[in-house]
Amino acid sequence: MLLSGFALWLVGVLAALPADPPSRTWLAWQVPDPPADCGSRAGFETQLQASLGRSPAEDAARLGVSVQAHIARVEDGPSATWIGEIRVLDARDRPRGVRRVEQSGASCRPLVDTMVLVTTLILQAPADRPPAPVPAATDLELPNPQPRPRRQPSGWLRAVAAGPMTGLGALPVPYLGLQATAIVRRGALGLLLGGSLARRSGVAAGPMQGADLSRAAVDVAWCPVQVTRGSRAVDLCAGAEVVRLRATGFGFPLSATEDRWSVAGLAAAQARQQLWGPLFVAAGLELTVPTQRDRIAYSDQVGAVREIFQVAPVAGGAQLLVGLLF
């Protein structure tokens with residue numbers, strides 16, 4: 001009876017003892033969210049095994065160390081900077097060494113390959129010479145791995161783009177043309193310069209009479225508002241547009257070419273999406289209000305003036321552009 005009571009007491013004591021601590025993972029892996037093409041922990045370990053020719057976990061156990069791999073992306077102007085850190089800890093989680101590498105570019109993959117090479121060299125060290133300890137002062141902190149907005153206010157930004165455009169109200173029918181724009185910005189100060197050229201648009205005054213119209217314009221605007229989020233940006237601008245409307249008559253006894261010059265108020269918006277490096281695509285909208293509505297007219301056989309076209313009180317346009325950031 002006494003023996004059975006002692007056995008029950010021993011079982012209770014053993015059950016109350018803390019369990020063995022779980023084995024420590026030899027590799028900690030941290031990448032940005034979303035991870036882009038940085039890969040995964042399993043992929044990094046597979047690359048290490050191929051580089052070493054054996055299990056990297058066994059080499060870490062032989063040296064009595066663990067490895068922490070961190071990757072962060074820092075947005076800085078048109079291109080991104082990738083920062084990678086390999087931190088080596090001993091069995092008591094004390095820092096034994098730190099290696100840090102930086103690379104620029106749109107892809108994270110070259111940085112991962114470099115980190116594989118650095119980790120391979122660390123794990124190939126002899127067991128009696130583990131990685132040398134580093135002073136606490138060199139303990140490096142990575143930046144926040146979350147993407148940060150571009151720091152455009154710190155310097156000049158130049159966006160130059162060109163592409164097709166369409167408009168309504170400035171010519172007799174909806175028209176097509178070409179548009180080129182340049183936005184120069186430093187912080188909150190932005191300036192838009194642009195130009196457009198629209199193809200001829202015919203308007204009839206009779207069965208065999210009428211005029212061919214074409215339009216050229218130069219835009220100058222101040223852009224006080226810019227909204228950015230990651231690789232996207234929207235500029236809001238207001239300014240003026242100088243317009244030349246050219247009319248070439250046909251079918252009249254005295255046909256001539258006449259240029260009409262005018263100025264219009266301008267409101268414009270351009271939204272950009274950066275693709276690779278400095279390359280971006282953009283969509284633009286603009287509204288113009290002419291200070292003087294140009295009119296195209298002719299005199300008939302009895303001398304009466306007959307109007308065949310007049311510029312609308314409000315005209316609009318849209319562009320689809322491809323450009324580069326500098």
* **Qualifying positions in segment 143-174 - modelled with pLDDT under 85 and outside any loop (DSSP other than H, G, I, E, B)** => Q152, P153, S154, W156, L157
* From the options A221, A198, A216, A211, residue that is crowded, with 17+ Cβ neighbours inside 10 Å, free of Cβ contacts under 8 Å to residues at least 40 places away in the same chain and under 20 Å from G177 (Cβ atoms) -> A198
* To do: Find the residue count for segment 234-283, including only residues that are within 17 Å of the chain's Cα centre (by Cα) and not basic (K, R).
  => 15
* What do you reckon, is L191 closer than 30 Å to L325 by Cα, surrounded by 15 or more Cβ atoms within 10 Å (Cβ to Cβ), under 29 Å from the mean Cα position of the chain (by Cα) and not aromatic (F, W, Y)? -> yes
* Taking V234 as the residue in question, decide whether it is under 16 Å from G169 (Cα atoms) and surrounded by 14 or more Cβ atoms within 10 Å (Cβ to Cβ). => no
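The values are calculated or read from the model by the stated rules, or taken from the named source; none is laboratory data. Given the structure is predicted, the values throughout are model-derived calculations rather than measurements. We place every Cβ from the backbone using ideal geometry, glycine too, and count neighbours over all the protein chains shown.
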